[in-house]
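Report on the following structure.
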Amino acid sequence: MPRQTVSTGTPWEQAVSYCRAVRVGSQVFVSGTTASDETGATVAPGDAYAQTVDILNKIEAALAQVGASLADVVRTRMFVTDITRWEDIGRAHGEAFRGINPAATMVEVSRLINPDHLIEIEVDAVIQSAAS
């Protein structure tokens, strides 16, 4: 089965040997994604809702590059540094996935790679179209 990958071109991908997303057949796996811009600066420091929206927009763009969409997402995993912010994070997740309702996990972690990152999200998708 052919393997299709999406790269963002950031130096971290080369240093760590990963890519933003991988599609094999109808399955798509999106790497843990944070609210960082192309220079590595944190997007919306201190704002869990805005960081979540930024991350989900990046994930949506990566999915599109391999022929998928948020509607194909079957599982999300959210790693948060402060679980008390769950309502802001959940609101952004709900806005993106209302009616799709993927299986979802949210867990608190002691920290992420950048202390300004409040959340990291990864998703799995299964493309339902006949063209997969």
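As a footprinting exposure proxy, order GLU122, GLU108 by other Cβ within 10 Å, with the fewest listed first.
Least to most surrounded, the residues fall as GLU108, GLU122.
Charges on Cβ only, +1 for Lys and Arg, -1 for Asp and Glu, centred on the Cα centroid of the chain; of THR33, ILE121, ALA103, which one is farthest towards the dipole's positive end?
Final value for the positive-end residue is ALA103.
Starting with the fewest neighbours, write out MET1, MET106, MET78 ranked by other beta-carbon atoms found within 10 Å of each beta-carbon.
Final ranking by Cβ density, sparse to dense: MET1, MET106, MET78.
Given Cβ point charges of +1 (Lys, Arg) and -1 (Asp, Glu) and nothing else, what value in debye, to the nearest 20, does the dipole of the stretch 43-85 about its Cα centre take?
140 debye
How tilted is helix 48-65 with respect to the longest principal axis of the chain? Cα atoms for both, answer in degrees (0 to 90, nearest 10).
Long axis of 48-65 versus the principal axis of the chain: about 10 degrees.
Please get the size of the charge dipole for the stretch 3-126, origin at its Cα centre, with Cβ charges of +1 on Lys and Arg and -1 on Asp and Glu, quoted in debye to the nearest 20.
440 debye
What is the helix-to-structure angle for 86-97, meaning the angle in degrees between its Cα long axis and the longest Cα principal axis of the chain, kept from 0 to 90 and rounded to the nearest 10?
Helix 86-97 sits at roughly 20 degrees to that axis.
Within the set of other residues whose C-beta is less than 10 Å from the C-beta of GLU108, count the net charge using Lys and Arg as +1 and Asp and Glu as -1.
0
Any read-out appearing in this document is the output of simple, stated calculations on the displayed coordinates, not a laboratory observation. Just so it is clear, the model here is predicted, and its values are computed rather than measured. Please note: Cβ atoms are built from the backbone with ideal geometry, for glycine as well, and neighbour counts cover all protein chains shown.
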